[in-house]
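Structure first, then comments.
The values are calculated or read from the model by the stated rules, or taken from the named source; none is laboratory data. Since we're looking at a predicted model, the values are computed, not measured. Heads up, the Cβs are rebuilt from the backbone with ideal geometry, glycines too, and the neighbour counts pull from every protein chain shown. Protein only, heavy atoms only, side chains kept; ligands, DNA and RNA dropped before computing areas. Shrake-Rupley method; radii C 1.70, N 1.55, O 1.52, S 1.80 Å.
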Amino acid sequence: MELDAAEQLIEKAIAAGRPAHGYLVVGNVRGQALALAERVAAKLLGARNAEQLKVHPDCHWLHPEKKSRIISVAAMHEKMVDAVATTAYAGGWKVGVIAGADCLNPQSANAFLKTLEEPPKKTLFFLLADSPDQLLPTIVSRCQRIDLPDARRRGLAEPYRSCVLRALADPANAGGALERAALAGRLAAVLEALKDEVEKLVKADVEASETDAGAEVSKDETEALVSSRYRAFRADFCLTLENWFRDVAATCAAGPDAPLLHPDFAEQVRARAAKIGRALAFRNVEFVAELARSFNRNLPEAAALGFFADRLAIK
């Protein structure tokens, strides 16, 4: 949704007396997501600019802190939950902005949840995030989601990105069933490595939050955090696949000088494009979308990857 349209959507809901309890704004938290929150908040609170908003007593801000980049439960209570529970200084609206809501840990998310479910009167919350899949489902389900144009189209970080691209670029993939099975196995190995990485990251985050808050994070909360963060990594995996096949399709359509999303694999992309036509190249892009849908339906990953690899037009 364009920024202006998103602003009008929220303002109409406020004018009708039916705003959402919270708006999950997916976009650059220092770009359009922040701009949307600032625009709406400025009109509600009568601030002339962003600098006035930063010091306005009825506009409450919460950012990730410390090296862990986690929003702790202590910060959530002090700067958001307890802050919005007080009477508005100007007697009107109050606005709460969580810039980096995907940095909430299970404890801070749960601390905020009751306030989000039953917000004080004339209180509006903006949860700004560029990785919404890392938010707990209980938070997401209670917000109206708005996706802005500058929402980050991500891809895998190294070394996972290169592992995926080398697997896709391997000329051996043009062989028969065994070679396709090998491709599926290499891609599945990347997902397994991502799972291990997620578990390490979540363990570090949980340990940091427990040290900060002095309370234990439950097993269910930890598992929910692992699941949500892994889904975000798996979406990055699918986007890396999609971008590879889009590079091949673009080269088929526009020739060897086509701009590429993975220019460091230009030679391999051109070699693959020379073997298949434009129609088959775009079919491969569609197969990636179907793979992502299979993952989202919780189909077994190995089976989904095997089916995906078997269908690909490679030669």
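Some notes on this structure:
- Whole-angstrom gap from the range 32-66 to the range 147-198, using each part's C-alpha centre: 40
- Put simply, the amide H of Val25, placed in the peptide plane, has neighbours under 5 Å in Leu127, Leu128, Ala129, Ile146, leaving out anything fewer than 5 places away on its chain.
- Solvent-free Debye calculation, one equal scatterer per alpha-carbon of the range 246-315: log10 I(q)/I(0) at 0.11, 0.24 Å⁻¹ equals -0.30, -0.98.
- Signed unit charges on C-beta, dipole axis of the chain, positive-most listed residue Ala35, Gly100, Ala83: Ala35
- Springs between Cα atoms under 10 Å define the GNM used for the chain, and in it the highest mean-square fluctuation of Gln268, Gln134, Gln107 occurs at Gln268.
- Sequence-distant residues sharing a close amide H with His262 (under 5 Å, placed H): none
- Ranking Asp310, Asp205 from most to least accessible surface, computed with a 1.4 Å probe over the protein chains only, gives Asp310, Asp205.
- Alpha-carbon Debye profile of the range 26-135, log10 I(q)/I(0) at 0.12, 0.24 Å⁻¹: -0.38, -1.45
- Treating r as the C-beta distance of Ala303 and Ala266 and R0 as 41 Å, the FRET efficiency rounds to 0.80.
- One decimal place: the segment Lys12-Lys121 gains 37.5 nm when fully extended, by the rule 0.36 nm per residue minus the C-alpha distance.
- Using alpha-carbon coordinates, inclination of helix 3-15 to the longest axis of the chain, degrees: 40
- Helix 32-45 axis, angle to the chain major axis (alpha carbon atoms, nearest 10°): 20
- Between Ala109, Pro120, His63, the Cα set farthest toward the positive side of the dipole of the range 26-122 (charges on each charged residue's Cβ, about the Cα centre) is that of His63.
- Heavy atoms of Glu286: accessible area, 1.4 Å probe, square angstrom to 10: 110
- Residue-wise HN-Hα couplings along the range 254-270, as the Karplus relation 6.51 cos²θ - 1.76 cosθ + 1.60 with θ = phi - 60° gives them from phi, are 10, x, x, 8, 4, x, 10, 7, 10, x, 6, 10, 4, 4, 5, 4, 5 Hz; Gly and Pro carry x.
- Rounded to the nearest 20 debye, the dipole magnitude of the chain is 740 debye, with +1 charges on Lys and Arg beta carbons, -1 on Asp and Glu beta carbons, and the Cα centre as origin.
- Across the alpha-carbon atoms of the range 92-248, the computed radius of gyration and Dmax are 19.4, 69 angstrom.
- Here the dipole of the range 90-153 is about 260 debye; that uses its Cα centre as origin and unit charges on the Cβ of Lys and Arg (positive) and Asp and Glu (negative).
- DSSP finds beta bridges in the chain, and of those with both partners inside it, around 5 percent are antiparallel.
- Cα long-axis angle, helix 301-311 against the chain (0 to 90 degrees, to the nearest 10): 50
- Ser72 accessible area, assembled protein chains, probe 1.4 Å, Å²: 20
- Pairwise FRET efficiency - Ala181 versus Glu216, Cβ, R0 = 45 Å, nearest 0.05: 0.55
- This model, with +1 at the C-beta of Lys and Arg and -1 at the C-beta of Asp and Glu, gives the range 1-43 a dipole about its Cα centre of some 140 debye.
- The chain - convex hull of alpha carbons, volume per residue in Å³: 150
- Among the listed pairs Lys114/Lys195; Lys12/Lys114; Lys12/Lys54; Lys54/Lys122; Lys12/Lys43, a Cα-Cα separation exceeding 21 Å is found for Lys114/Lys195; Lys12/Lys114; Lys12/Lys54.
- The range 48-195: antiparallel DSSP beta bridges as a percent of all, rounded to 5: 10
- Our summary of shape: the Cα atoms of the range 65-108 have principal axis extents of 37, 16, 16 Å, ordered from largest down, in whole angstrom.
- Residues with amide H under 5 Å from that of Gly96, placed H, sequence gap 5 or more: His60, Leu124, Phe125, Phe126
- Note on the chain: with a GNM built from Cα contacts shorter than 10 Å, the maximum mean-square fluctuation among Ala16, Ala182, Ala167 falls on Ala16.
- Within the range 63-137, percent of DSSP bridges classed antiparallel, to nearest 5: 10
- Cα lying deepest toward the dipole's positive end in the range 155-212, options Val202, Ala181, Ser162, charges on Cβ: Ala181
- Taken along the Cα-to-beta-carbon direction at a fixed 7 Å, the label points for Lys275 and Arg231 span 3.6 nm.
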